[in-house]
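The values are calculated or read from the model by the stated rules, or taken from the named source; none is laboratory data. In this text the structure is predicted, and so the values were computed from the model without any measurement. Every residue, glycine among them, receives a Cβ derived from its backbone with ideal geometry; neighbour counts consider all protein chains shown. Each accessible area value is taken on the protein alone, full model and side chains, heavy atoms only, with ligands, DNA and RNA left out. Shrake-Rupley method; radii C 1.70, N 1.55, O 1.52, S 1.80 Å.
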Amino acid sequence: MSMSSPAVEIVSTGRYLPDRIVTNDDLREFVDTNDEWIRTRTGIVTRRLAREDELAAEMAATASRIALERAGIAPDEVDAIILSTATPDRLLPSTACDLQALIAADRAMAFDVQAACSGWLYAMSMGEGYLAAGRAETVLVVATEKMSAILDWTDRTTCVLFGDGSGAAVLKRGDGSKGIVSSFHASDGRLAELLWRKSGGAKVPLTPERVAEREHLMLMSGREIFKNAVRSMAQACDEALERAGLTGDDIDLMIPHQANIRIIESTAKYAGIPMDKVYVNVDRYGNMSSASIPVALDEALEDGTIESGMKVLSATFGAGLTWGAMVWQF
Ligand code: UT7
């Protein structure tokens with residue numbers, strides 16, 4: 001079976017990480033935890049946390065400016081901004097519109113995608129769709145997450161796991177030699193309450209009592225999420241590889257969602273990809289939700305891990321539940 005040829009190219013990428021580095025030991029200021037537990041259960045050593053006054057849209061603007069500059073594309077050449085976030089700066093309007101204003105992408109339509117940790121791969125598929133259908137010439141696909149704003153800093157089972165950051169990519173139609181080869185996406189809303197915020201929408205509006213109970217913050221059933229993550233990422237890898245006409249043996253590098261080193265190892269093992277072909281940055285940044293994959297992709301391109309000619313498999317999962325995978329040819 002021959003590989004399907006990509007219609008849409010990843011022209012450039014960019015990333016932004018807040019300056020503040022927080023160690024596992026630093027977290028003992030908030031919760032009863034320790035470096036050994038966090039390292040052995042998750043692989044996380046440090047994470048970056050945004051300033052309190054730093055906005056998700058501002059982080060996205062920095063990552064986007066870098067990606068656009070590298071592509072030699074002016075902001076007013078962008079036709080569409082598709083922004084993934086589970087941590088919007090406000091509920092209305094979208095963070096994408098704030099980003100549009102910040103970078104002066106004067107001709108662009110802009111909207112948010114909410115698929116939690118899977119959001120950037122979902123957004124990449126949407127960008128690919130607009131371009132392949134001839135509805136846009138240039139699409140900016142961004143993920144930006146200020147997880148620190150929705151964490152319960154008294155809950156040690158969640159607050160130690162996450163970090164803040166942003167990643168961006170510029171997409172254009174290519175000549176068929178490189179770009180997005182295949183993708184697969186799925187969801188299961190019956191499992192919504194494994195990873196959620198109880199209050200703060202039309203269904204359960206915020207009240208002072210609910211805020212006092214910390215119901216507006218993130219809640220997670222870690223073990224259940226873990227099991228589902230391994231199962232669903234394995235399925236997503238199978239489907240995306242099959243749609244690409246490839247097997248795990250053809251893959252030069254895997255960029256999985258960076259939630260937990262044990263989940264990454266299990267997924268890589270299932271896909272038949274040795275760990276020396278897996279890009280890992282969960283140790284430095286923790287789980288940046290949907291920003292994890294574009295930040296890792298940008299680093300891997302910048303540090304030379306990804307070379308021209310390589311085939312890269314990315315896989316993700318998150319709240320929703322949502323999951324997916326994508327194959328890229330570089
Ligand atoms: O992008 C999707 C986001 N979600 C995830 O990726 C999370 C997926 N799940 C996980 O990564 C793992 O389930 C966790 C890392 C969250 C937890 O690891 P685990 O091996 O499943 O541990 P556990 O939840 O079963 O907890 C084991 C023990 C508990 O103590 P007891 O009840 O056995 O006495 C916890 O209270 O570890 C305790 N514990 C901690 N201890 C020190 C939980 N959190 C901490 C902590 N520091 N931060």
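At a glance:
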quantity	calculated
Scaled radius of gyration (Cα, divided by 2.2 N^0.38 Å) that region 1-117 gives	1.36
With every protein chain in place, region 61-133: carbon and sulfur % of accessible area (1.4 Å)	56
Distance histogram in 5 Å bins (all Cα pairs of region 145-255, percent per bin)	2, 8, 13, 15, 17, 15, 11, 9, 6, 3, 1, 0
Förster radius 56 Å - calculated FRET efficiency between Asp32 and Ala74, Cβ distance, rounded to 0.05	0.65
Two-decimal ratio, region 51-93, of alpha-carbon radius of gyration to 2.2 N^0.38 Å	1.31
Expected 222 nm ellipticity per residue - DSSP helices of 4 or more, -39500 (n - 2.57), all of the chain, to 500	-9500 deg cm²/dmol
Region 51-178: radius of gyration over Cα atoms, expressed as a fraction of 2.2 N^0.38 Å	1.08
Percent of beta bridges antiparallel (DSSP, the chain, rounded to nearest 5)	70
Of Lys146/Lys178; Lys146/Lys203; Lys172/Lys203; Lys198/Lys227, those spanning more than 29 Å from alpha-carbon to alpha-carbon	Lys146/Lys178; Lys172/Lys203
Carbon/sulfur fraction of accessible area - region 195-283, other protein chains in place, 1.4 Å, %	50
Residues of type aspartates and glutamates that Lys277 reaches as a straight line, Cα spacing below 12 Å, ignoring anything fewer than 8 places off in the same chain	Asp249, Asp250, Asp252, Glu265
Helix runs (DSSP H) in the chain reaching 27 Å along axis by Cα, Kyte-Doolittle at least -0.5	222-244
Convex hull of Cα atoms in the chain, direction-averaged projection (nm²)	15.9
Mean accessible surface per residue for region 1-76, computed with a 1.4 Å probe while every protein chain stays in place, in Å²	53
